[in-house]
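The values are calculated or read from the model by the stated rules, or taken from the named source; none is laboratory data. Note that the structure is predicted; figures quoted are calculated from it, not measured. When we count neighbours, we look across all protein chains shown, and the Cβ atoms used for this are built from the backbone with ideal geometry, even at glycine. Quick note on the areas: whole protein, heavy atoms, side chains included, nothing else; ligands and nucleic acids left out. Shrake-Rupley method; radii C 1.70, N 1.55, O 1.52, S 1.80 Å.
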Amino acid sequence: MLSACSKKEVRHRAGAIADRAAMPALEGMDVTTLISDSGVTRYRIKAKRWLVFDKADTPYWEFPEGIYLEKFNTDLKADATVEADYAYYNEPEQRWTLRGNVKALNLEGEQFETPLLFWDQKTESVYSDSSIIITRATSIIKGVGFRSNQEMTQYTILRPSGVFPIEE
């Protein structure tokens with residue numbers, strides 16, 4: 001019984017506490033959470049793994065196994081979605097970084113696909129310098145880099161390409 005309480009084990013615990021910034025304060029597995037505003041459910045986040053590093057020099061959340069986000073309308077129906085293989089949220093800057101097979105569906109039914117997407121909540125903007133494919137009802141637009149409002153309904157493609165139908 002006394003051998004289990006050795007000084008070596010105590011030092012190990014003290015070392016882990018000293019490096020608190022590198023340890024997640026919260027680790028959730030198979031997480032589903034709802035986010036509300038003024039008592040109305042606005043978003044649902046689903047993640048296989050959610051890590052919260054609140055003691056890091058720059059506090060952040062990490063979703064190493066991907067994320068799925070739904071935005072609800074007033075009837076609680078999902079009207080926009082975002083998913084990615086990996087997500088990182090910089091808490092002080094309120095900026096999301098989404099990587100790997102990022103897919104977003106906006107309120108108008110347009111599908112956005114890119115390998116890298118940034119969402120800045122402070123400026124309410126979405127942007128990327130990577131390739132982008134936007135599938136619309138009547139066309140597919142391809143390009144490199146884009147800027148958009150956070151609803152992804154007003155956007156500019158920096159270097160567009162694709163086939164665009166023109167009405168005569």
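For the reader, a short list of remarks on this structure follows.
- Local charge for residue 83 was computed over the other residues whose Cβ lies under 13 Å away, with Lys and Arg +1 and Asp and Glu -1, and equals +2.
- Seen from a random direction on average, the alpha-carbon convex hull of the range 87-129 projects onto 3.2 square nanometres.
- Tilt relative to the chain, helix 7-18 - C-alpha long axis, 0 to 90 degrees, to 10: 30 degrees
- Protein accessible area in the range 68-168, 1.4 Å probe - carbon and sulfur %: 49 percent
- Dividing the C-alpha radius of gyration of the chain by 2.2 N^0.38 Å, with N its residue count, gives 1.35.
- Only Cα pairs under 8 Å and 6+ residues apart enter the sum, and on that basis the relative contact order of the range 26-168 stands at 13 percent.
- Over the range 31-76: Kirkwood hydrodynamic radius from C-alpha pairwise inverse distances, Å: 11.9 Å
- Average accessible surface for the range 77-127: 50 Å² per residue, computed with a 1.4 Å probe over protein heavy atoms with every protein chain in place.
- Proximity of backbone amide H atoms, modeled 1.01 Å from N, is registered between residue 43 and 35, 72 at under 5 Å, excluding neighbours fewer than 5 places apart on the same chain.
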